[in-house]
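J.: Sharing a structure below in structure tokens format, with a few things to ask.
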Amino acid sequence: MSKKSEIKKAIAESEREIEELEKKRTRSQSALLEALVNNEKPQKSDVEYFKVFTQLIAVERDNLRKLREELKNL
């Protein structure tokens, strides 16, 4: 497989991973929003999930930027 096609495949995988992480983060975000609307303190686990997924998304987006830059430079 050529380098270009390998990078394109990695880009597609990265985009799918970001979508999955965003779906998971949305679940914890909903729990946080519900607590806010109900004037309750959010559960620590919901806060931690949100933080973890947000960090994972940031890492994956950085990876995606690097892959796109690498593809652009080929």
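J.: Under 8 Å between Cβ atoms, at least 6 apart or on separate chains: pull out the pairs that start in segment 47-74 with a residue that is in contact (Cβ under 8 Å) with a residue 60 or more places away in the chain and end on any residue that is open to solvent by less than 60 Å² (accessible area, probe 1.4 Å).
T.: 67/7; 67/10; 67/11; 67/14; 70/7; 71/7; 71/11; 74/7
J.: Evaluate segment 21-29: report whether one residue or more is loosely packed, with under 11 Cβ neighbours inside 10 Å, outside any helix (DSSP H, G or I), out of contact with any Cys (no Cβ under 7 Å at 6 or more places or on another chain) and modelled with pLDDT of 95 or more.
T.: Residues of segment 21-29 loosely packed, with under 11 Cβ neighbours inside 10 Å: 23.
Still in the running and outside any helix (DSSP H, G or I): none.
The answer is no, given that none of the residues of segment 21-29 is loosely packed, with under 11 Cβ neighbours inside 10 Å, outside any helix (DSSP H, G or I), out of contact with any Cys (no Cβ under 7 Å at 6 or more places or on another chain) and modelled with pLDDT of 95 or more.
J.: Let me ask you something else. If you scan segment 43-62, which residues turn out to be part of a helix (DSSP H, G or I), more than 17 Å from residue 13 (Cβ to Cβ) and open to solvent by 70 Å² or more (accessible area, probe 1.4 Å)?
T.: 44, 48, 49, 51, 55
J.: A further question on this structure: Any residue at all in segment 33-41 that is in contact (Cβ under 8 Å) with a residue 12 or more places away in the chain and open to solvent by 70 Å² or more (accessible area, probe 1.4 Å)?
T.: Filtering segment 33-41 down to residues in contact (Cβ under 8 Å) with a residue 12 or more places away in the chain leaves none.
No, segment 33-41 contains no residue that is in contact (Cβ under 8 Å) with a residue 12 or more places away in the chain and open to solvent by 70 Å² or more (accessible area, probe 1.4 Å).
The values are calculated or read from the model by the stated rules, or taken from the named source; none is laboratory data. Computed from a predicted model, the values in this text were never measured in an experiment. Using ideal geometry, Cβ is built from the backbone for each residue, glycine included, and neighbour counts are taken over all protein chains shown. Accessible surface is based on the protein model in full, side chains and every heavy atom, while ligands, DNA and RNA are left aside. Shrake-Rupley method; radii C 1.70, N 1.55, O 1.52, S 1.80 Å.
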